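Written below as structure tokens is the structure these notes are about.
The values are calculated or read from the model by the stated rules, or taken from the named source; none is laboratory data. Computed from a predicted structure; not experimentally measured. Using ideal geometry, Cβ is built from the backbone for each residue, glycine included, and neighbour counts are taken over all protein chains shown.
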Amino acid sequence: MPELPEVETVCRGLALKLLGRRLTAVEQRRPNLRFPFPEGFAARLTGRRIDSIRRRAKYIIIDLDDGTVLLVHLGMSGSMVVNEKRPALLDRHDHVVFDIDNGTCVRFNDARRFGLMDLVAAADLAHHKLIRGLGLEPLSDEFDGPALAAMLKGRKTSVKLAIMDQRLVVGVGNIYASEALFRAGISPKRRAGTIAGERAAKLAAAIKKVLKEAIKAGGSSLRDYVQANGELGYFQHRWKVYDREDQKCPTCGGPIKRITQGGRSTFYCPKDQK
Ligand SMILES: [Zn+2]
């Protein structure tokens, strides 16, 4: 499933290819993804110029020259692939095909169809039902130790589940939560409300660090991404604790432990994380 770093990389890759370009044709090849497409979807996009491409949480926000935003979510299996020219044969999971004014084409492919697309006026984006409840962006300047401590204050849930709560902070998926807690030396089982001061500062910094490292790793796949038949592969990382049950902790050499929290696996070092 694409996580925040993958979505950020997709945004950068699309921006490299599409900024200032016009959509000459849009082919919508089925009535719905996770939700129905908005009425007049293809017609409303045709002829529009792409003015900016940005990210909010795991949403791709494409600003068009008439003040409309094309909101895209990749769901579980979605991808946006740029082709130098439109392929003669489309894949059965290519649900939307955008023809660009320089002869290139972008295909939205999504086998499992958990992705979505919507059109919204840029001025109303902050109030959109999928956007309005979202928490802080972890890579923004507003997200720091004091902000993290404030959002966790009084919370009795575990810190791991709290930092994965999208209403508090967005884009910290299961892998990144385990990795950030390891780097901050904080037990995933610790009560969220006890994270304050130095501990909160360390955790906020660790969350930024793991996400930035993943985005940096994505830079190399960006090259593949813009190649003719480039599928964007999701990043293969060498994790420090994630998916490493009973293997050696890179810090102390002791065994990594796996527990289940909120139905998901958590990996941590009981010796280094308190
Ligand atoms: Zn250890």
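Name every residue in region 176-207 that is surrounded by fewer than 22 Cβ atoms within 10 Å (Cβ to Cβ) and β-branched (Val, Ile, Thr), in order of residue number.
194
Quick one: in region 239-274, which of the residues that are among the hydroxyl-bearing types (Ser, Thr, Tyr) and within 13 Å of the ligand (Cβ to nearest atom) is surrounded by the most Cβ atoms within 10 Å (Cβ to Cβ)?
My answer is 268.
Out of all the residues in region 222-232, is one or more modelled with pLDDT of 60 or more, within 30 Å of residue 79 (Cα to Cα) and away from the ligand (no atom under 16 Å from the Cβ)?
Looking for residues that are modelled with pLDDT of 60 or more, within 30 Å of residue 79 (Cα to Cα) and away from the ligand (no atom under 16 Å from the Cβ), one finds none in region 222-232, hence no.
Looking at 126, 121, which is the one that is over 23 Å from residue 8 (Cβ atoms), loosely packed, with under 13 Cβ neighbours inside 10 Å and among the hydrophobic types (A, V, I, L, M, F, W, C)?
Sole residue among the options that is over 23 Å from residue 8 (Cβ atoms), loosely packed, with under 13 Cβ neighbours inside 10 Å and among the hydrophobic types (A, V, I, L, M, F, W, C): 121.
So which residues in region 1-60 are without any contact (Cβ under 8 Å) to a residue 12 or more places away in the chain and of a type in the set (Asp, Glu), if there are any at all?
Once the filter is applied, which keeps residues that are without any contact (Cβ under 8 Å) to a residue 12 or more places away in the chain and of a type in the set (Asp, Glu), region 1-60 yields only 39.
Which number in (1) within 23 Å of residue 1 (Cα to Cα); (2) in contact with an Asp or Glu (Cβ under 8 Å, 6 or more places away or on another chain) marks the one condition that residue 30 misses?
Evaluating residue 30 over (1) within 23 Å of residue 1 (Cα to Cα); (2) in contact with an Asp or Glu (Cβ under 8 Å, 6 or more places away or on another chain) leaves (2) as the failure.
Name the single residue, out of those in region 1-24 being modelled with pLDDT of 95 or more and surrounded by fewer than 21 Cβ atoms within 10 Å (Cβ to Cβ), that is farthest from the chain's Cα centre (by Cα).
Going through the qualifying residues, I end up with 24.
Which of the residues that make up region 175-205 are part of a helix (DSSP H, G or I) and touching a Phe, Trp or Tyr at 6+ places or on another chain (Cβ under 8 Å)?
Within region 175-205, 175, 178, 179, 181, 182, 204 meet the criteria.
Please find, among 172, 210, the residue that is under 24 Å from residue 75 (Cβ atoms), in contact with a Pro (Cβ under 7 Å, 6 or more places away or on another chain), modelled with pLDDT of 90 or more and more than 16 Å from the ligand (Cβ to nearest atom).
172 is the lone residue from the list that is under 24 Å from residue 75 (Cβ atoms), in contact with a Pro (Cβ under 7 Å, 6 or more places away or on another chain), modelled with pLDDT of 90 or more and more than 16 Å from the ligand (Cβ to nearest atom).
Hey, does region 244-267 have a residue that's within 22 Å of the chain's Cα centre (by Cα), at pLDDT below 95 and on the phi > 0 side of the Ramachandran plot?
Scanning region 244-267 turns up no residue that is within 22 Å of the chain's Cα centre (by Cα), at pLDDT below 95 and on the phi > 0 side of the Ramachandran plot.
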